[in-house]
Amino acid sequence: MAVAVIKGLCKTYRIAGREIKALADINLQLEKDRIISIVGKSGSGKTTLLRVLMGLEPKSCGEIEFGSKNAKIGTVFQEPRLMPWLTVEENMALGFQDCLSLTFRQEQLSHYLQLLGLADFRKAYPHQISGGMAQRTALGRALCYDPDIILMDEPLSALDAFTRRKLQQDLVNILLDKAKSVLFVTHDIEEAIYLGSKVIVMDQGRKIREFLVPFSYPRNRADAAFYGLRNEIMQLLELIN
Ligand SMILES: Nc1ncnc2c1ncn2[C@@H]1O[C@H](COP(=O)(O)OP(=O)(O)O)[C@@H](O)[C@H]1O
Ligand SMILES: [Mg+2]
């Protein structure tokens with residue numbers, strides 16, 4: 001079932017009389033239980049696409065149709081954007097909607113703290129935790145919101161390689177377990193293949209190719225087919241550079 005259908009989406013910025021086509025004719029379908037990765041060099045329109053989907057920027061043309069009228073969208077950015085005066089669990093709890101009962105919130109919070117490996121740090125403040133934990137907290141806040149769609153803009157880019165790999169693994173487990181529909185922006189091709197059921201390559205505001213990732217989870221980066229797909233996408237990106 002489609003959670004969102006994007007048809008002919010475009011976004012044009014005007015700066016001092018000059019037109020910048022940040023997005024042009026984007027067609028895309030988001031599905032429950034699917035992670036779609038987007039790769040592309042800097043300035044190719046990835047963040048603009050997420051901002052338009054979030055409703056932070058008006059679109060210039062095209063359609064965005066959500067599967068349900070009240071589709072909820074969660075976000076995770078490159079920086080965790082936590083409130084420094086709140087603890088890990090208080091930051092996560094910001095995601096809850098007001099209508100939820102206190103008991104339900106407490107149950108959910110404990111569940112997510114456990115799931116994200118943050119239970120021992122629930123009372124810690126952002127300055128007392130590592131970058132990886134801060135990003136887990138940001139993910140926890142997004143999950144507490146219980147969104148239908150999670151938009152992620154290079155959420156692991158600021159982390160060291162080991163932490164990043166661990167979080168990639170955890171993300172696959174958590175996101176698929178929770179049956180979320182995810183749009184995951186990254187400039188790391190390996191990460192895109194590791195996570196996505198599809199990898200979309202963007203250039204100059206356009207979707208130039210879509211690769212299906214035929215491997216089952218959890219994926220093995222050392223696998224020859226994984227490596228082959230990585231090279232194919234890499235070559236395409238080098239070609240347009
Ligand atoms: N608020 C804005 N005003 C004008 N131009 C913008 C704005 N935001 C993005 N752009 C332009 O749109 C293009 C796509 O940017 P962006 O979506 O941030 O790319 P990416 O996330 O792939 O690096 C770039 O040329 C950028 O300069
Ligand atoms: Mg960006």
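Annotations for the structure displayed:
- MRE, 222 nm, helices only [DSSP H, n ≥ 4, -39500 (n - 2.57), over the chain, to nearest 500]: -10500 deg cm²/dmol
- DSSP beta bridges fully contained in the chain are about 55 percent antiparallel.
- Entry note, the chain: relative contact order of 28 percent, from Cα contacts under 8 Å with a spacing of 6+ residues.
- Total charge dipole magnitude, the chain, about the Cα centre, Cβ charges on Lys, Arg, Asp, Glu only, Debye to nearest 20: 360
- Packing order of peptides 181-187, 227-233, highest average first: 181-187, 227-233 (average count of other Cβ atoms within 10 Å over each peptide's residues).
- Rounded to the nearest 20 debye, the dipole size of the stretch 92-211 about its Cα centre is 80 debye, using +1 on the Cβ of Lys and Arg and -1 on the Cβ of Asp and Glu.
- Computed on the Cα atoms alone, the convex hull of the chain gives a volume of 141 cubic angstrom per residue.
- Within the chain, the whole DSSP H helices whose Cα atoms reach 15 Å or more along their own axis and whose mean Kyte-Doolittle score is at least -1.0 are 102-115, 131-144, 161-177, 224-239.
- Fully extended contour minus Cα-Cα distance, from ASP188 to TRP85, at 0.36 nm per residue: 33.8 nm
- Available extension along the chain between ALA224 and THR103 is 38.7 nm, counting 0.36 nm per residue and deducting the alpha carbon span.
- Extension gain, ARG14 to ASN70: 0.36 nm times the residue separation minus the Cα-Cα distance gives 17.0 nm.
- Centroid-to-centroid, using Cα positions, the stretch 65-111 and the stretch 147-223 are 21 Å apart.
- In the structure shown, the pairs LYS59/LYS180; LYS32/LYS59; LYS41/LYS207 are assessed against 21 Å; a Cα-Cα span above that value is assigned to LYS59/LYS180; LYS32/LYS59.
- Nonlocal amide H pairs with LYS180, under 5 Å, H built at 1.01 Å: ASP33
Every number here is computed from the coordinates shown, using simple stated rules; none is lab data. What you see is a predicted model, and the numbers here were worked out from it, not measured in a lab. So basically every Cβ, Gly included, is an ideal-geometry build from the backbone, and we count neighbours across all protein chains shown.
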